[in-house]
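All remarks here apply to the structure that follows.
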Ligand code: NAI
Ligand code: NA
């Protein structure tokens, strides 16, 4: 069938397999162009199908020739209905990895569940023996805690007071004011349960209990800080509490890995267009201004540039790890530069529906958004009849 983007609110209901394949190939080429990384050889990526997790899987495989196991929660196509983008990304990734002679298998299911953890442990045991890097890159609105049976839903709300600021509908370009009511106590608990570090620690505990972590194994989860503009709804809001918890969990995990010289890190990454971030009010306006400034300065990065830099210039330099005062790795350093932030803040004051296309990078935002679903890539014939029933080779 001929697949076109079908939008509903902030999500796209369709995905394009050929474009997703092109996206993966472009990322692979980028990693290869940056040379070899003396990184881990057996890698587990939890949240491996889109965004930073996919970029991590690609960087491990094509930067360090690593065997990778990817865990994700994606939808396979059914007759007349496309698969989700992460499904197509993963199919393309496995195909490219196999062509390059690399081990790559995937598990599609709920990473929060005991069943998927069990399946993953068994696969590592059977095929790899142990892993030496575990990337934790889940972004989810819900988590069923397998031990308590409680279903937690995360919310993106300020804490304590109503937050009012500008936002943009990136489809129409309309800038408006948005007010977000503060959360209640339960919202905080739920958001921390979904996006905090509890599940990360459960994964690492489970791996360690069955001796599936190699000596010196490293695990990395991703966090975000951002500017004061978005603080009330992000870092000092419910999601920020979850990130505080995630960051604190890095220390407890590191303690639990002391006997195998293992280490847990949080890497603070840059704000980028992903399915997760498009849903947060205020953030799309910030990102469209940020992109404009960072592109002008020649320091713009996407997920793959961020993660390639994380690996090559932070994790695997052969030197002692450089972290901030809270023990975090920072690859949001360029985003947070004083000159970048002061220019974004000035543009923020001026931004209106009339001028945003000019003073901000609305087009870049939209392109990135369409790219997430496999649309808008050069070299893809979008008019051609496309088979949507693509298989991820390792998933039957
Ligand atoms: P994403 O939405 O692109 O990726 C999420 C991944 O998690 C996908 O592979 C998805 O299949 C998987 N997933 C979701 N629920 C799952 C479940 N129940 N079981 C198994 N897999 C599941 O998100 P993105 O943006 O790459 O986020 C990854 C991490 O990076 C998050 O912790 C996020 O907070 C963080 N981050 C994101 C930034 C951004 O601007 N997008 C900036 C800095 C950090
Ligand atoms: Na991800």
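For the reader, a short list of remarks on this structure follows.
Yes/no per residue for (1) surrounded by 17 or more Cβ atoms within 10 Å (Cβ to Cβ); (2) within 16 Å of ligand 2 (Cβ to nearest atom):
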site	(1), (2)
279	no, yes
292	yes, no
295	no, no
323	no, no
330	yes, no
336	no, no
345	no, no
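- Condition met for residue 248 (within 14 Å of ligand 1 (Cβ to nearest atom), surrounded by fewer than 22 Cβ atoms within 10 Å (Cβ to Cβ) and either outside any loop (DSSP other than H, G, I, E, B) or within 18 Å of the chain's Cα centre (by Cα) (or both)): no
- Qualifying residues in the range 148-168 (those that are surrounded by fewer than 15 Cβ atoms within 10 Å (Cβ to Cβ) and in contact (Cβ under 8 Å) with a residue 12 or more places away in the chain) - the one nearest to the chain's Cα centre (by Cα): 153
- Residue count for the range 48-85 under the criterion of being on the phi < 0 side of the Ramachandran plot, more than 9 Å from ligand 1 (Cβ to nearest atom), assigned to a loop (DSSP other than H, G, I, E, B) and at pLDDT 95 or above: the result is 6.
- The listed residue being free of Cβ contacts under 8 Å to residues at least 40 places away in the same chain and under 23 Å from the mean Cα position of the chain (by Cα), out of 131, 189: 189
- Screening residue 317 with (1) over 22 Å from residue 173 (Cβ atoms); (2) away from ligand 1 (no atom under 16 Å from the Cβ); (3) touching a strand residue (DSSP E or B) at 6+ places or on another chain (Cβ under 8 Å) gives one miss only, at (3).
- Scanning the range 140-156 for residues that are part of a loop (DSSP other than H, G, I, E, B) and within 16 Å of ligand 2 (Cβ to nearest atom) yields a total of 3.
- Residue satisfying condition, being within 16 Å of ligand 2 (Cβ to nearest atom) and at pLDDT 95 or above, within set 135, 159: 135
- Answer from 44, 102 - the residue that is farther than 25 Å from residue 370 by Cα and either at pLDDT below 95 or more than 18 Å from the chain's Cα centre (by Cα) (or both): 102
- Within the range 170-182, the residues that satisfy the criterion of being over 15 Å from residue 232 (Cα atoms), surrounded by 15 or more Cβ atoms within 10 Å (Cβ to Cβ) and either without any contact (Cβ under 8 Å) to a residue 40 or more places away in the chain or under 26 Å from the mean Cα position of the chain (by Cα) (or both) are 170, 173.
The values are calculated or read from the model by the stated rules, or taken from the named source; none is laboratory data. Quick caveat: nothing in here was measured; it's all calculated off a predicted structure. Neighbour counts run over all protein chains shown; Cβ positions are idealised from the backbone, glycine included.
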